[in-house]
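Report on the structure given below.
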Amino acid sequence: MAISFIRVDDRMIHGQTCTRWSLEYPCDGLIAVNDKAATTAVLKAAYKSASEKKTFVWTLDEWRAKCGKVLASKDRYFLITKDPIDMKKILVDDGFDPGEVKTVIIGPCNDRPNAIKLGNNQSITQEEADALEAIMQKGYEVEFALIKESAIGNWKKFRSQFGY
């Protein structure tokens with residue numbers, strides 16, 4: 001299994017991701033997909049140094065070029081994007097099939113203008129809601145959890161707030 005965990009987290013790589021979630025979903029490395037982080041040297045370096053695990057910070061195009069190698073790998077990776085929109089591009093628009101993993105965990109999403117607060121540090125915009133709806137319609141479970149013990153529920157619980 002090449003992908004062991006799928007997460008959307010506006011901080012992408014940090015202690016919770018690397019330590020707490022890897023207890024639930026063992027991994028050998030982390031793949032963060034975000035154009036800005038991958039093309040900003042200081043951000044890329046910060047993310048790569050945030051974990052002792054093998055860490056890659058790629059643009060969406062780099063991900064598209066390398067995802068086949070990831071699937072063929074014997075190593076297990078977390079696939080992380082900063083927002084639901086990029087995750088939708090990967091899972092829905094590009095049709096990437098991560099294999100057995102059919103749950104997308106939504107972690108921290110900061111409060112922002114035009115975002116609806118669903119829980120502590122979990123706010124999403126209508127555009128992000130549209131992406132989550134598309135991910136769910138593609139057959140994925142979408143769970144909101146900063147950490148497993150503090151999960152606030154599945155997308156199905158919140159989707160009516162966004163017109164679904």
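Quick note: the coordinates plus some simple rules give every number you see, no bench work behind them. Remember, it's a predicted structure, so these values are computed and weren't measured experimentally. FYI the Cβ positions are ideal-geometry reconstructions off the backbone, even for glycines, and counts take in every protein chain you see.
Using a cutoff of 8 angstrom between alpha carbon atoms and counting only pairs six or more residues apart, the relative contact order for the stretch 1-73 works out to 39 percent. Candidate cross-link partners of Lys88 among the lysines, defined by an alpha-carbon separation under 19 Å and a same-chain spacing of 8 or more, comprise Lys36, Lys66, Lys102, Lys138, Lys156. Note on Glu127 and Ser49: their simple-model spin labels are 3.1 nm apart, each label 7 Å out from Cα toward Cβ.
For Lys53, a cut-off of 19 angstrom between C-alpha atoms picks up these aspartates and glutamates, skipping any fewer than 8 places away in its own chain: Asp9, Glu24, Asp28, Asp75. For helix 60-72, what angle does its Cα long axis make with the longest principal axis of the chain, in degrees from 0 to 90 and rounded to 10? It works out to around 70 degrees. Here's how it looks for Phe56: its modeled amide H is under 5 Å from those of Leu30, Ile31, Ala32, which are all 5 or more places away or on a different chain. Mean sequence separation of contacting Cα pairs (under 8 Å, at least six apart), scaled by the length of the stretch 22-134, corresponds to a relative contact order of 25 percent.
The phi-based Karplus calculation (6.51 cos²θ - 1.76 cosθ + 1.60; θ = phi - 60°) puts the 3J(HN,Hα) values of the stretch 36-43 at 5, 5, 6, 10, 10, 3, 5, 5 Hz, whole numbers, x for Gly and Pro.
Shown in residue order for the stretch 77-94 are the 3J(HN,Hα) couplings computed by the Karplus curve 6.51 cos²θ - 1.76 cosθ + 1.60 at θ = phi - 60°: 10, 7, 9, 10, 10, 7, 8, x, 5, 5, 5, 4, 4, 6, 7, 9, 4, 8 Hz (x for Gly and Pro). The amide H of Ser4, built 1.01 Å from its N in the peptide plane, has Tyr77, Phe78, Leu79 as neighbours under 5 Å, considering only residues 5 or more places off or on other chains. Amide H to amide H distances under 5 Å link Ala151 with no residue, where only residues 5 or more positions off or on other chains count and H is placed in the peptide plane.
Using 0.36 nm times the number of residues separating Ile152 and Arg20, minus their current alpha carbon distance, what extension gain do you get? Walk me through the numbers before you get to the answer.
Working: separation 132, 0.36 × 132 = 47.52 nm, distance 1.71 nm.
Residue separation times 0.36 nm, minus the Cα-Cα distance, leaves 45.8 nm.
For the stretch 96-144, relative contact order (Cα pairs under 8 Å, six or more residues apart, normalised by length) works out to 42 percent.
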